Amino acid sequence: MPQRAQMEKHIRKTQTRTLRNRKRRKAMKDAVRLVLDAARAGDEDAVREAMPEAQKAIDKAAKRGILHKNTADRRKSRLVARVRRMLE
């Protein structure tokens, strides 16, 4: 138990941020999963629809500090390469 009121507030803020970041990270992972599932099924139209959404979700995560910018760029690059290999 914190001894100071400001530390109690700090703990509350940290918990709120953690929950918010978890939701954002989950949204990003779900968007990527949709792309990969469509690629596994061989559905190119679904991939074309889902890919921009996944890239947008990754960019949003980077913008909000959940991912580093370079990490986001690397994930997008690897996602595109992986989908291309799956659809060949």
Seminar exercise, completed: Scanning the range 1-38 residue by residue, those surrounded by fewer than 12 Cβ atoms within 10 Å (Cβ to Cβ) and under 18 Å from the mean Cα position of the chain (by Cα) turn out to be R17, T18, L19, R22, K23, K26
Problem set entry | Residue tally, condition of a type outside the set (A, V, I, L, M), more than 15 Å from A61 (Cβ to Cβ) and part of a helix (DSSP H, G or I), over the range 3-40 | 11
Problem set entry | Search result, residues across the range 1-44 that are polar (S, T, N, Q) and under 24 Å from D73 (Cα atoms) | T18, N21
Exercise. So G42 clears everything in (1) surrounded by fewer than 14 Cβ atoms within 10 Å (Cβ to Cβ); (2) modelled with pLDDT of 95 or more except one condition, right? Which one?
Worked result: (2)
Exercise. What are the residues in the range 51-88 that are under 17 Å from R40 (Cα atoms), assigned to a helix (DSSP H, G or I) and charged (D, E, K, R), if any?
Worked result: R78, R82, R84, R85
Exercise. Of all the residues that make up the range 51-88, how many are basic (K, R), within 15 Å of A39 (Cα to Cα) and exposed (fewer than 12 other Cβ atoms within 10 Å of the Cβ)?
Worked result: 3
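The values are calculated or read from the model by the stated rules, or taken from the named source; none is laboratory data. Bear in mind that the values here come from a model prediction, so they are computed numbers and not experimental data. Backbone-built Cβ (ideal geometry, glycine too); neighbour counts: all protein chains shown.
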